[in-house]
Every structure is written in structure tokens, then in C-alpha cells.
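The structure appears right after this line, and notes come after that.
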């Protein structure tokens, strides 16, 4: 018999305890190296309704999952329901761990593990490529196959199953009731973008997850300290270069200069007395440009500052040129006032985007179908003799006289009638637009500004086209945000770029500055080869941001190579920081491994007594 449901106040208390602020603090203490807001990297917090099978119910708190009892599983011979967490595990996290407590499900037909976002939500964890799963009905571990490998004991109601991943060693492990079950899988390559995952196969199965908000059953901190000490011992066996002290001084100098700690850099130089004097003016100029980008200064001012300190740099690198053009484009888009009345589309009730004002071939109507054929043809005849022409004199109303006044001084190339809308059009500055729209833009004083924006937009598209496929995803995002500001019917945001995107722009500019200065000092061309990016330019890696640190790490064999590859820089820096600033704690706790042998896994344990289940449900009710 199933245990009675908990009183309503327990349900309310469980949801109330999961305050977002408390959740953030708990995860920040657990994974201090992950800066979610600054780097837009997120940690799993709850189960994701958008990544859940229709066979499952997710509790209001987002921690509890139930396989529906009255669900219809027609056409499914072997139905299963899977749910993933709301974020994947970051590569720079080092060691990640979560637990689930089994509340109901005597058959044990459930799986705990990790999966990719594209894995089927109606197949158990571990059956699809890129998925890992530990199943309770047989204790087997599944890896991209329907056939499992002997791994651990079975599990069922009352058990707490944990799943962990080490992004440094590339392995996956599991725990049961606070005891380590051993390494389930070691990958030769990085384990990327894996989501905490659970799967069910029997109606009524129920569990609740703990993503780190509450204390774990397994001593995760002790195990993480054990792994930390293991890595420190590996570092101790790495042979250091003879000139290690000088290289460390260069590392510190590079770090201080890159982060803009210029006063500290000056004091450090006075103490270490390096053989080559530090160029403080160069670092100050770099910091000034970086601060302007991060503080959302005007794109034109940033462009002028770069050209002042490093003439020709922007045009020497297509990537930087594209990003600076986007910053200027955003500033221009923010100066546009409300669109004139002519922008309102009478049929749709929306404001057509200025991208609809585009160059297109004229379509002339023939015969009596054209209401202004005489005037248009007269204009065409005049255009053959002069580039600057005016419409023929006709009897004018006051509105018409105003229109003719604006048309008189404009360098209009030709007039014509649009065949689709039968609207009078004109072609000017390589752009076709309705005559009425041109007049209203001239009245509002925005035509010149809009025309300049259109030309800059063409320049952005031209530079992006010349780069072919060598545009970074972040740069592509900047281009999309910038160009959408003018085409959007809504008023654009003043600062549409996130801090992470501005940091990307600043890093790209600084990277090019290092390349520019290095090649200029050696008398080489400062124009960067098209298609190259950070970390791919031969001969200049020792002068880029954090370059000395990266050079030293990759120069040593062993652990440091992993730090500089596979997106693990943050994990490596965090590890080195802890190793230098914190006292290594080698008096670690002993890791408790399970003593439950696999050969007894076929013997299903008796269900726990009713009172134990009720106590557990009251403690972890969802």
C-alpha cells in the first residue's frame, strides 16, 4: 500500500524553503569558480518542463518527478519517460554532482545519469549516443546502448542515488546512499554539454532531486578535496624550467597589465626589476580602450581612440572592423526619432522596417493604367540629359507645393510607378522609396541620417561577406543585434549588448592590439590574415592576453596541457589559485566505497517499512 500523502503544510514548507536567493547562495558556495551573471554560464537548478516527457509530472518546486499513473502509452511497446535539468554542466566547473531520492517504485525500473539535449525523451538514460545511465532494476551502467555493463547494486524506494562528473579527468561516477560505487566511465575526450537526467519505466514511480541546495548524502566536499590533492601531487611531479622565476614574473606582469592593475604593475616592476622595462603607456592605452568598450561608450569615440593610439588597426583586421562598425551602427540607431507617418502600413497597421527601403529595379506601368505616366515619363526624359532634375511644372496645391519644394533640391535619379502597389516611387542615392516617404523623411530631418545608416549597414554586410565563414558565434550575435535595431518596429534598447558580448568585443580588440604592436615593432605587416582568430596566429602567441600563462602551461607536459584546452581555462585558473592562496589540505577524509557486491545485485531488497517511507516523504516531499 502506498504511503498517505503529506499534509498540505509540508508541501508548502518545501516549496517555500527553495527561495531563489538561497538557491543562488548555495550554488555559489558549492561552485565558486562559476560566475553566472558575468559570464552567462548557468548551473542546473531544477527539472526543466520544456525537456520533460509527456508521461511525467513535474512538481511545482521543480525538484520532484512522477511517472503518471493514468497516462496512456498507446503505440509504445516499451514506454519510458525522461526529464533533463534546466542547464547543462559547464566544462569549467571541475567536479559536478547531484542526487535523487527514490520515493516510490518497487520495480526499480528507473535510471539516473547524464544526457545531451538532443537525446530522446522517451528512451531511458544511456540508450542513446551521448547518454550515460545507471539503472535500478539490474544495477547495470548503460552507455549509448540498450545492453548494459555490470556496475553496481540495484536500487529502489528509500535509496539515494548520486551522479557526478569530473570535467578534468573526463569520468562519470555514481553513489548509493552516500557510498561511492567507483568510476563508471572514462572518456578519452571532453564530456561537453551534459544535462542531469532521470528516466522512468513504471507508472507511479516518484523521486525528488537535490542539485546542491540541501546537504548531500554523499560527502561531496571530501571527495572534491581528494581529487584536488590528487591533482596537486601530479603537479609536484612536473619538472619546472630552470628560469622559472623569470617566467613567473612575466606571468604576473602580464596578468596585472591585462586586468588593468597599472599601479600594482608599477610597484611590481620596481620590486622585480625585469631586464626589459614594462611599457606602461601601452598598457594604459589598452586599458582606456577596454574600459570604453565595457562602459558602452559611443562607437565613434572608441573608433577614434583606437586610431589615435594604433593608426590603421581597425582596417587591418576584418573581425575588429566588423565589431566597431556594429558599435557605431547601434549608436546611430539610437538617435532615430519616432518613425514618420509614411512608415505606417495601412494594411498591416505596423511600421515597415527601413530594410524594406531597398534598391530594386523600377517597374513602369504602360498606357492608361499609370495615373502619373505623363509626369513619370517626363522625369525619365529629363534624367537622360541631367542627373539633377525636377518634375514638370503642374498646378499645385499647398501640400503639393511643399512636396515639390523638397523634391526640387534633391538629386533624384528617376521617378517611376511601382507595379505591385501602383505607388509613385523615386530612386536616390542607390535606394528606391515612395516619394511620399522621402518627403516626410526630409521634413523630419531624418533622411540624411537614415541614408547614412543604410550605407553603414551595407558596409557591415560587405565586411561580414568578405570574412566568409570565419565569423565567431559571438561576433555573429553582435551583428544580428545591431542590424535588428533599425528593422524592429519597437523602439530599440539604449544598450542592447550584454556585458558578456562587450567583454568579447574588448578581448577581440585587445587581441588585435597585441598582434598589431608586435608586428609593428618587428617591421612586419600589421594586417592580420583573414580567417585567423585568437590562438591560431603563428609567431605571436607569446604576446597575447594571458599568453605567458598559456605558454608556460602548454610548455610543461602533463596537467597544464589540459588546462589550456577543451575550454578548461577557468577550472585551471581556479585550481592554481586555490593551490597558491590556500593551504593544501592533505589530511583528507577517507572516501567510503560501497561494500555491496555486484554479484548480489539480482537479489531485490525488501521494501522499507511503511513508517520509514512516510518519514522520508515528510522530509523530502515535493
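Quick note: the coordinates plus some simple rules give every number you see, no bench work behind them. Computed from a predicted structure; not experimentally measured. Glycine gets a Cβ as well: all are built from the backbone with ideal geometry, and neighbour counts include every protein chain shown.
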Return the distance in nm (one decimal) between the two label points of a simple spin-label model at residue 273 and residue 19, each offset 7 Å from Cα along Cα→Cβ. 5.7
Compare the peptides 85-94, 141-150 by average per-residue count of other Cβ atoms within 10 angstrom and give them in order, highest first. 85-94, 141-150
Tell me, what is the FRET efficiency for residue 419 and residue 455 to the nearest 0.05, using R0 = 22 angstrom and their Cβ-Cβ distance as r? 0.20
Here the gain from full extension of residue 280 to residue 233, 0.36 nm per residue of separation minus their alpha-carbon distance, amounts to 13.1 nm
Give the peptides 274-285, 96-107, 191-202 in descending order of average Cβ contacts within 10 Å, highest first. 191-202, 96-107, 274-285
Potential extension, residue 29-residue 294 segment - 0.36 nm per residue separation minus Cα distance: 92.7 nm
Between the range 79-134 and the range 212-284, what is the C-alpha centre distance in whole Å? 37
Residue 183-residue 117 pseudo-label distance in nm [points 7 Å out on the Cα-to-Cβ vector]: 3.0
Once you place label points 7 Å from the Cα toward the Cβ at residue 50 and residue 214, how far apart are they in nm? 2.8
Ordered by packing density, taken as the mean number of other Cβ atoms within 10 Å over each peptide's residues, highest first, how do 507-518, 415-426 rank? 507-518, 415-426
Considering every Cα-Cα pair within the range 259-300, what fraction, in whole percent, is farther apart than 15 Å? 49
By how many nm would the segment from residue 590 to residue 259 lengthen if fully extended, with 0.36 nm per residue of separation less the alpha-carbon distance? 115.2 nm
